[in-house]
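Any read-out appearing in this document is the output of simple, stated calculations on the displayed coordinates, not a laboratory observation. Because the structure is a prediction, the values reported are computed rather than measured. Counting neighbours? That spans all protein chains shown, and the Cβs are built from the backbone with ideal geometry, glycine included.
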Amino acid sequence: MMSVALLAWALPTAVLTLWLLGIFRAQLATDRLVILAFHRFVRTDSPDATHSDSEPAWVTEEANFEEQVAWLAREGFTAIDLDGLAAIRSGQSPRPARSVIFTFDDGYASVADIAAPILMRYGMTGTIFALLDPDAHSRDLIRGKDRFLQPKELRALADVGWSIQSHTVTHAILTELPDAQLDWELRESAFCLHQITGKAVHHLCLPRGGVSNRVIECARRLGYRTICGLGKGTARFSSDPLQLPRLSPLRHQGGAALRWMLTPVGATIEIALARLKVVPTRLLGARHGYRLRSWLYRSPLRAVFGPRHVKRTALALVAVWFVLGIWTLAHVGAAGCP
């Protein structure tokens, strides 16, 4: 019985170890590209910064963001956009020694009010994945907290070097749409944003976990050159441009946390946790997976599975697992002794 228990521990442990080593090895690549994902922003001293949002990855505090940008600048990171990435991949532009792409989903006014001035102080710009006509759910999420950027505001940002790209028209879960509506969401978004900014729209961020091969193929057919919003992690200049991962600092994380997140060990932990977090979405679909996560973040279980705590929970579970293995090995050895 003890041998069976040992085997039941050893096989999953070997699989887990190989999986983590695979992620870790990818973080040692010399052509790593950091793509950071943000949503809305709050002033550090505002009332909105004192309460805990149901999803801390949706909000970034001003002081923490400035810490992150300042650290990246000190470390010699060059901010590029997705057109810059395409130019580097094609050999039209040289590759900076260290590159970062700042992306901002949804197109909130707080990005223009808070994030843009900070980036500009450090000589950097960003990419906004803008919504044109957000659905009621998306509007309700920020009612009384923020608003969506208007066309003239998007145009003003484009005029000073910001890249304005597609996040669809309505923020729909694309995997739930029939082909004709999916095509419209992607085609109409690119057309309207081009009309607003006068610049081509070649880049897409998929909203709300609505990812499938059908969606990616539709985007490719319509001329999108890169796609974000599929997963968490650090990309490479050689990565599939239609499957670019990003990192999402939480609202309470500043420069030190970002520095740790970009180390091979820190990135491995972040990526592993992110891949485990999307399991409900893969099993239940984007809508039900999102509802489950939202429920966990609001329930008493948030003290265990909330974004601020899930890393400690996962590390504790791994520690317990290895302690059980060591205990089993010790008892197998004891049982084999005369």
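Working out 0.36 nm times the residue gap between LEU242 and THR30, then minus their Cα-Cα distance, what length gain in nm do you get to one decimal? Before the final figure, lay out each step's value.
Working: separation 212, 0.36 × 212 = 76.32 nm, distance 2.08 nm.
Stretched out fully, the LEU242 to THR30 stretch lengthens by 74.2 nm.
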Restricting to aspartates and glutamates and to Cα separations under 14 Å from LYS277, and discarding same-chain partners fewer than 8 apart, the set is GLU55
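How big is the Kirkwood radius of the range 31-254, worked out from every pair of different alpha carbons and given in Å to one decimal?
Numbers: mean 1/r = 0.0568 Å⁻¹.
For the range 31-254, the Kirkwood estimate is 17.6 Å.
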Inter-centroid distance (Cα atoms) of the range 202-255 relative to the range 67-84, Å | 19
Hz values of 3J(HN,Hα) by residue in the range 217-228 - Karplus curve (6.51, -1.76, 1.60), Gly and Pro given as x = 5, 5, 4, 4, 5, 7, x, 5, 9, 9, 9, 10
Going by how many other beta carbons lie within 10 Å of each one, how would you line up ASP106, ASP45, ASP113, ASP146, fewest first?
-> ASP45, ASP113, ASP146, ASP106
So what is the relative contact order of the range 68-148, in percent, for Cα pairs below 8 Å that sit 6 or more residues apart?
-> 34
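Suppose every K and R has +1 on its Cβ and every D and E has -1 on its Cβ; what is the size of the dipole of the range 1-160 about the Cα centre, in Debye to the nearest 20?
Values: 15 positive and 21 negative charges, 117 e Å.
The dipole of the range 1-160 has a size of about 560 debye.
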Sum up the charges of everything whose Cβ sits under 12 Å from the Cβ of ALA190, counting Lys and Arg as +1 and Asp and Glu as -1, but leave ALA190 out.
-> 0
Throw me the Rg/Rh for the range 122-251, computed over C-alpha atoms with Kirkwood Rh, two decimals.
-> 0.95
Residues with amide H under 5 Å of ALA79's amide H, sequence separation 5 or more or different chain, H placed in the peptide plane at 1.01 Å from N; which?
-> VAL100
Sort out for me the Cα centre separation of the range 155-181 from the range 94-138, rounded to whole Å.
-> 13
Label 7 Å along Cα→Cβ of GLN195; the range 156-171 residues with amide nitrogen under 14 Å?
-> 169
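If Lys and Arg each add +1 and Asp and Glu each add -1, what is the summed charge of the other residues whose beta carbon sits under 9 Å from the beta carbon of THR170? Intermediate values should be presented prior to the final figure.
Values: positive: none; negative: ASP133, ASP135, GLU185.
Combined, the nearby Lys, Arg, Asp and Glu give -3.
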